[in-house]
Number of protein chains: 4
Amino acid sequence: MTHHLGANQYGKAETRVVRIVRDSPVHEIRDLNVSTTLRGDFAAAHVAGDQAAVLPTDTQKNTAFAYAKLHGVDSPEDYALALARRLLDACPAARQAQVRVEQYAWDRIGDHSFVRRGGGVRTAVVTVGPDEAHVLSGVEDLVLLNTTDSEFKGFLRDEFTTLAEADDRILATALVARWRHTTTDAGRETDWNASYDAALATLLSTFAGTYSRALQETLHAMGGALLDAQDGLAEVRFSAPNKHHFLVDFSPFRVDGLTNEGEVFVAADRPYGLIEAQVVRDDAPPAGDAWLGVPGFC
Amino acid sequence: MTHHLGANQYGKAETRVVRIVRDSPVHEIRDLNVSTTLRGDFAAAHVAGDQAAVLPTDTQKNTAFAYAKLHGVDSPEDYALALARRLLDACPAARQAQVRVEQYAWDRIGDHSFVRRGGGVRTAVVTVGPDEAHVLSGVEDLVLLNTTDSEFKGFLRDEFTTLAEADDRILATALVARWRHTTTDAGRETDWNASYDAALATLLSTFAGTYSRALQETLHAMGGALLDAQDGLAEVRFSAPNKHHFLVDFSPFRVDGLTNEGEVFVAADRPYGLIEAQVVRDDAPPAGDAWLGVPGFC
Amino acid sequence: MTHHLGANQYGKAETRVVRIVRDSPVHEIRDLNVSTTLRGDFAAAHVAGDQAAVLPTDTQKNTAFAYAKLHGVDSPEDYALALARRLLDACPAARQAQVRVEQYAWDRIGDHSFVRRGGGVRTAVVTVGPDEAHVLSGVEDLVLLNTTDSEFKGFLRDEFTTLAEADDRILATALVARWRHTTTDAGRETDWNASYDAALATLLSTFAGTYSRALQETLHAMGGALLDAQDGLAEVRFSAPNKHHFLVDFSPFRVDGLTNEGEVFVAADRPYGLIEAQVVRDDAPPAGDAWLGVPGFC
Amino acid sequence: MTHHLGANQYGKAETRVVRIVRDSPVHEIRDLNVSTTLRGDFAAAHVAGDQAAVLPTDTQKNTAFAYAKLHGVDSPEDYALALARRLLDACPAARQAQVRVEQYAWDRIGDHSFVRRGGGVRTAVVTVGPDEAHVLSGVEDLVLLNTTDSEFKGFLRDEFTTLAEADDRILATALVARWRHTTTDAGRETDWNASYDAALATLLSTFAGTYSRALQETLHAMGGALLDAQDGLAEVRFSAPNKHHFLVDFSPFRVDGLTNEGEVFVAADRPYGLIEAQVVRDDAPPAGDAWLGVPGFC
């Protein structure tokens, strides 16, 4: 009974590319974490140790640095598309290149000085083949919290259910969201930065403005709002840990008048609920391999 | 233009279940990180905020604890199968339950005393539907290193290629591997622990005994050896960072006779190569949803 | 030859206290990580297993939650002082209580909605005895970067020195800074929040405005500026990793006209320089135990 | 009102040195994380940006690599002493060099093949001046657990105390321990590896063999046993998080006969108790600066 090579891919992960634009005294910074992946006919490397078709991951890293200059980093999507196309061209055995980028935001504190903003990390995943290009934009670790307007009740119960119904609870998550563009830069000029800024604003305002009967409902509203706001998006995917904040029980404390009216909570680490969902435009074009190899649900 | 709910799932992630077996003065410990996921018809929760069909993630957590007693934890696979079946039964809207378990190993230092072993973490992922059950066993963060018998040369070059060919380098990885069983406990009694121990031994000995012309070749050999050794396995999947160890260049140091003959290396953090591949038995039965929702390549 | 108990302390670390102020429809949030420590005569617990003098760490945790309501969290310093005094009172064997707080910042996105800001974490360490109280304010993980106006040259050389002199480099750090107040709330009302905001502004503007011949010089300027700006501060301590950004060498790439004029860098992880220094006001009052047990240099 | 430079130090942190000994077909590996620190008269760098006295941290890194060959790594203590002495010699302005080493253990799986062991990390901190040398050996992240023979009762109570007394609980910690040697290699040949192995064995056996009325008592016993076992040790310091394992309450579950007799626990992340203590030999020689700059309590 024999066996064979199945699906495979390879690349360089987490190349930390920092691009400074210093054409004027007011410098700009683009701070990226870049991962590249090639897929194609690399069986000889696996089966026979033959590297003739393999563009080294070290070269992929070099190319990531060089393209930060040659192409520039107007947006992570734009840079990733250029880099993916280059890698596909440079490696004949590859039938597909995927580039994943995380971009860290910095706030300006001087003409050439910056403080890292923290908060959510902007992401882009592009997947390019000879005849297709897919772009996913997104955000990771976007930590959101509503102090009220969240309930959870009317749920299914069994003999292990001890959870009390909640009329008013904290709702918090560290959101991962990705949305698929129907257009790439092939057809028309997409303003990736404007699209991202608008998407983030939509997610935040919808989270803030939605009464929540479950995190599921909130996510669905956020996804729908995003699709409603931007015609160029085909679908949205969310992975959302329910970061539990438990009301601290003050009743055992022997202090007169000490009550906890939704005021003091313990922020728990583990376990956490994990809600994952997609919202899809009815006439969305096929996703192809847009999501292939993207870690996690989205 | 309207939109709809796409694929979705929910559950409780990273419930830290510690099971002590104290039937005799020589205690046993099972130290688990358990994540449960339900898939099915939960649209009402997303679209209308209606939880009637939703078994709370808090209940799933309670069940994970209760089943550590009611069913016990002979192996992570066995426990996960029992827990997944229970959750599927308890939640009529669910068509599938997936349970993921990480098991941390402890070494005995007394009848009721242990020291955590560290090293690779044993994993199990089971996916259960009304008519199917899939079991993936695996190991995470298994850090392996060969000090020699590894080369990398003959690779494709382009104008960005600067990598020198290497005749003798360190090969190191922090392996994630998962392998799919063709049998579950439905058909016959599987000794999950014996299978895991044998699989780990096969992976280690093949890594140690294989001359490597690329990490790809080493992985392929490991996967093949695992399938050869255990008839009950259908396929193996690997995600293997190439943990680069760069030879330190001593030539600029002005010290007579100081050379570096493959003796002193810097262990790099980022970037790293990332090699991912599957090895599949030729007559492997279909995987169904066995790999659905498993984060990363494998 | 015998031995004895030396210095010792105990407490509850990393209690995650979230305080919501909901007196009006516009809610406020204080998100804290609180660690409490007691020092005193607890020898019986160590030597004889006698807990009669030991206020349990579980009680300390409960008190941290209760005081978020009873006292409130106007500032981390103010809250920490109240909590430390309470713990000292509640535990007669204690001669000193130290409370350490990290406060995570959130930006408002609605009346009861927030997005976590990320970036630097505000810190406070208070140490309270029967007759003294010390307050350290600070910030952790404040990631700062200058794209120019930084050099490093004229340094000592030996036979292992290979570093080239740099006329123009990136200077970046993930700063930990703490500053000691000469006043506590005993003497007069200190506006801890105003002091912190001003201190952060001074640190940022001095970092941005200082030409740097070494990270040491930049830190010294930042410390001096902080003492100059606020009379109530006795000293400043810094722990500053030199987060290296290395210029990528484009010269081996065979691309016409491709140069790297300070534009593309690799952000390195490890190793990193680590510069640690204090700046002290000439007439600073004694620090007492203000810094005792504070992890790291500062 | 003026200010001045206070205490300061600088160096290179976390240089990842991997040393392969390949004098025979059976290779050896030493896997180190090395941090170097210099203290002395470096005021000119801070105050005036003058680097003439500053041995660059890059040079310190180079020296760490070179000494892995020139001196070798028989033990982390031995290597650190040699490296510290070299740095002190190479930098006239320095009055003291401190070298901190973490050593990761690997298990052999072939003549030139290894699997990383995980578990506790061996540490060494040496502090060398012109006329003194101090050596601290230790272990970090040594995760220990007793399933029984641990109680906690008879403690002080106040109005916030809700903790129930425990007759039989899990006791677990992730120990950091360091012990100070009275001898360095100046006086006689110390077998650092034999001492470390014996110390680890003493810590494990004492943890396993001690009935615990509090983590404090267990630590005290471990420290005492270590001093009793090795004449060359002056003191031991511990930092020990109390990794809480809470018994899961099965009483609300509506399952006949389901009880939890100390069998199922939830392993909590935060908060955690934190017990820190020293055990000191009665006639211990002064510690000098042995502990200066060591992060945390020990």
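Quick note: the coordinates plus some simple rules give every number you see, no bench work behind them. For clarity, every value in this text was computed on a predicted model and none was experimentally measured. Counting neighbours? That spans all protein chains shown, and the Cβs are built from the backbone with ideal geometry, glycine included.
Overview of results
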| read-out | value |
| --- | --- |
| Highest average packing first - B:197-207, B:159-169, Cβ atoms within 10 Å | B:197-207, B:159-169 |
| Surrounding net charge for D:F297, when Lys and Arg each add one and Asp and Glu each subtract one, Cβ distance under 10 Å | +1 |
| Net charge over other residues, Cβ less than 12 angstrom from the Cβ of A:A66 (K, R count +1; D, E count -1) | +1 |
| Cα centroid of region B:31-97 to Cα centroid of region D:92-109, whole Å | 48 |
| Estimated distance in nm for a label pair at D:T2 and C:D41, the labels positioned 7 Å out from Cα along Cα-to-Cβ | 4.7 |
| Other copies of C:P285: label-to-label distances in nm, shortest first, labels 7 Å along the beta-carbon direction | 4.0, 7.1, 7.8 |
| Derived scalar couplings ³J(HN,Hα) [region C:72-84; Karplus, 6.51 cos²θ - 1.76 cosθ + 1.60; whole Hz; x for Gly, Pro] | x, 10, 5, 8, x, 5, 4, 5, 5, 4, 5, 5, 4 |
| Inter-part distance where region B:214-264 and region C:118-176 are each reduced to a Cα centre, Å | 37 |
| For chain C, built as a Gaussian network whose Cα springs stay under 10 Å, the top-fluctuating residue of C:V101, C:V126, C:V143 | C:V143 |
| Shielding by partners - mean other protein chain Cβ count within 10 Å, residues of A:129-141 | 0 |
| Per-residue average of Cβ from other chains inside 10 Å of D:161-168 | 4 |
| Residues B:F246, D:F297 arranged by fewest to most Cβ contacts within 10 Å | B:F246, D:F297 |
| Neighbour cut-off at most 15 other Cβ (10 Å), DSSP loop, GluC sites (Glu not before Pro), region A:167-255 | A:E189 |
| Nearest 10 degrees, 0 to 90: helix A:192-209 Cα axis against chain A principal axis | 10 |
| Order of A:D89, D:D158 - criterion: other Cβ atoms within 10 Å of each residue's Cβ, fewest first | A:D89, D:D158 |
| Inter-copy spacing of A:A7 label points, which lie 7 Å from Cα along Cα→Cβ, given in nm from shortest upward | 0.9, 5.6, 5.6 |
| Over region A:1-130: Rg over Rh, Cα atoms, Kirkwood Rh | 1.08 |
| Cα pair count fraction exceeding 21 Å, expressed as % - region C:139-298 | 54 |
| Ranked list, fewest to most other Cβ atoms within 10 Å of each Cβ, for A:Y211, A:Y67 | A:Y211, A:Y67 |
| Within 10 Å of each Cβ in B:116-126, the average number of Cβ atoms from other chains | 3 |
| Per the axis that maps chain D onto chain B, nearest residue of D (Cβ criterion) and its distance in Å | D:G118, 1 |
| Amide H within-cut-off set for C:H3, under 5 Å, with H built and near neighbours excluded | D:D282 |
| Under 18 Å from A:K12, Cα to Cα: lysines that are on another chain or at least 8 residues apart | A:K61, B:K153, B:K243 |
| Rounded, prolate or oblate (a/c below 1.5 giving rounded, otherwise prolate when a/b exceeds b/c) for the protein assembly as shown by Cα gyration tensor | rounded |
| Built amide H within the under 5 Å cut-off of C:V143, gap 5+ | A:R116, C:G120, C:L175 |
| Label geometry 7 Å along the beta-carbon vector: B:L163 inter-copy distances in nm | 3.0, 4.8, 5.5 |
| Choice from B:H46, B:H220, B:H71 with maximal GNM fluctuation in chain B (Cα, 10 Å cutoff) | B:H46 |
| Most mobile listed residue (A:D78, A:D141, A:D50) in chain A, GNM with C-alpha springs under 10 Å | A:D50 |
